[in-house]
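Novice: Here it is, the structure in full.
The values are calculated or read from the model by the stated rules, or taken from the named source; none is laboratory data. Source: prediction; values computed, not measured. Cβ: placed from backbone, ideal geometry, glycine included. Neighbour counts: every protein chain shown. Keep in mind that these areas ignore ligands, DNA and RNA; they rest on the heavy atoms of the full protein, side chains included. Shrake-Rupley method; radii C 1.70, N 1.55, O 1.52, S 1.80 Å.
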Amino acid sequence: MIDGKEEYQDYLFDEFATVVCNAGVVARKEVFETWAAALYIHYSFLSTDDANDSSNGGRITRRIVDVAAGHGLLAWASLLLSDEEERNNIKKNQQEQHPLMVFCLDVQMPPSAELIHEAMIQQWPHLNDRFDYVEARLEQLVPHQSCLLASVHACGILSDMLISTAAEHQIPIALVPCCHSRKRKLLEESASPFAKREYDEILNAKESLPNLADLLDNARMTALENAGCDVTELFIPDLFTGKNRLILGSPTTRSNTIQYTPSDEKIIETKRSSQQLLRKGQMPPLFDNDNATTVMNAINPKARFMKGFYVPCEDSNESRKLVSSISGRTAAIKRKELMHNRNHLNAPQMDLSLWLPSVEDFVSSKREDKYDDKVLLTKEALSTILKDISPEYVRCEVSQLDLYTNPTNGRKSQTFRVQYNHEIDGEAIPFDEAKLLHAQLRDMLPLKFPGVECR
């Protein structure tokens, strides 16, 4: 617990731990370390009790994104602590604050996160509209000064990417780093320019660094300080976890402390990349052009990551509404289906890349020592197979794309594109059904065409 604070959280932790344990999907260690981190974060950024003494310069943060959230425990713990404080303030007739809103971000939402969500909502149903979970890459996140970047056990360069973003764009951050590494190829791209000297010393050290974790975390804190942030270093009890350093960074109005600035080349590259975000064949934008949120401040805004889809952090009605609309498993599945439909057609469209057999392979596979040109792998041959395995209401269109030759062994590879249409205009084939037909086609090809291999 935090010294000098009321211990009304004790019973709240008991409830939180009971709900999580009853879900049966989280290790006990994670419950304790996450709650401890949430307590420090709460009193540094979220609490209204001692706002003037908070690490955030007296500013109260009302929105959190839990990055690489996994189970989503940090978001839930933060939400429960703030909710309890909000209800106590109402009882004391204090001014009601804008309620805390949280959302989790991870590449894939694990089934455990859904089980935790169900258990939490069953215990605290009034919090359902204040929690979201979005499946997306970190590179699709658009940070904002009104939203706290938080992550417990951010592995490897994820910590450096978050620190770099917080420093460059003056974003409040709460970070527990983990899995420290100095692999040059990864660290050079993620290291903050606000601590270039410190990172260079780590990268250029010829000997092993037993204290690598301390050196990297010091570089990360230096980056925040050089960017003009107030930095606080705290430690979660090591009884809970060995990786227990908690870095808190809060933007200030001081500008004379900045010693390093991002290079002009980096800024130019950022602008160049952001202009290529919406290319043909990518996902359509989530906003109308008139109301589009800029992606200039996105983490590593590269076209191959964004694909017209980004997650805004700004604490505004529009951004919160958008995040809620793209939250959850169903929304994630729909996005994946759309990404498979090139040119955003209703009909699913999938590619098939195949290593082609040589003429000798065909000859040796036939009983008669004669090459039969009917077994050539062509789009007409694929269409015939699809017609045999597809239901009557499905119409498949096959197109032949690029031909690739391996420069090492001369082996050739042909790519085909199959579009699964419905015979009745206006209706679409479900993505799962098209995927099943595509899998059947893939499994049948080596039998029909000896020597063919799927890449």
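Novice: Heavy-atom accessible area of Tyr40 with all protein chains present, probe 1.4 Å, nearest 10 Å²?
Specialist: 50 Å²
Novice: Another question, if that's okay. Please state the relative contact order of segment 125-219 as a whole percent: Cα pairs under 8 Å, 6+ residues apart?
Specialist: The value is 24 percent.
Novice: Amide H neighbours of Ile429 under 5 Å, counting only residues 5+ apart in sequence or on other chains, H built in-plane at 1.01 Å?
Specialist: Here the answer is His422, since their amide H atoms fall under 5 Å of that of Ile429.
Novice: Which order do Val231, Val19 take by accessible area at a 1.4 Å probe, largest first?
Specialist: Val231, Val19
Novice: Taking +1 at the Cβ of each Lys and Arg and -1 at the Cβ of each Asp and Glu, which of His169, Leu81, Phe194 sits farthest along the dipole of segment 70-208 towards its positive end, judged by Cα position relative to the Cα centre?
Specialist: It is Phe194, whose Cα lies furthest towards the positive end.
Novice: I would also like to ask the following. Would you grab the residues whose amide H sits under 5 Å from the one on His153? Only those 5+ places off in sequence or on another chain, please, with H modelled 1.01 Å from N.
Specialist: Residues meeting the amide H criterion: Val176.
Novice: Then there is this: Past 27 Å, Cα to Cα, is the threshold; run Lys29/Lys183; Lys379/Lys412; Lys334/Lys448; Lys387/Lys435 against it and keep the listed order. Present the calculation step by step, with values, prior to reporting the outcome.
Specialist: On the way: Lys29/Lys183 29 Å; Lys379/Lys412 16 Å; Lys334/Lys448 34 Å; Lys387/Lys435 15 Å.
Table pairs above 27 Å Cα-Cα are Lys29/Lys183; Lys334/Lys448.
Novice: Under 1.5 on a/c is rounded, so check that first for segment 166-238, then, if it is not, pick prolate when a/b is larger than b/c and oblate when it is not; a ≥ b ≥ c are the square roots of the alpha carbon gyration tensor eigenvalues.
Specialist: oblate
Novice: Using DSSP to define loop residues, name the trypsin sites (Lys or Arg not before Pro) in segment 141-201 whose beta-carbon has at most 14 other beta-carbon atoms within 10 Å.
Specialist: Those that pass, being in a loop and sparsely packed, are Lys183.
Novice: Can you work out the FRET efficiency for the pair Glu380 and Asn406, with r the C-beta to C-beta distance and R0 = 35 Å, to the nearest 0.05? It would help to have the intermediate numbers written out before the result.
Specialist: On the way: r = 25 Å, r/R0 = 0.72.
Efficiency for this residue pair is about 0.85.
Novice: Restricting to DSSP loop positions (anything but H, G, I, E, B) with no more than 11 other Cβ atoms inside 10 Å of their own Cβ, which GluC sites (Glu not before Pro) remain in segment 121-212?
Specialist: Glu207
Novice: Follow-up. Amide H neighbours of Val311 under 5 Å, at least 5 residues apart or on other chains, H built in the peptide plane: list them.
Specialist: Distant-sequence amide H within range of Val311: Leu141, Val142.
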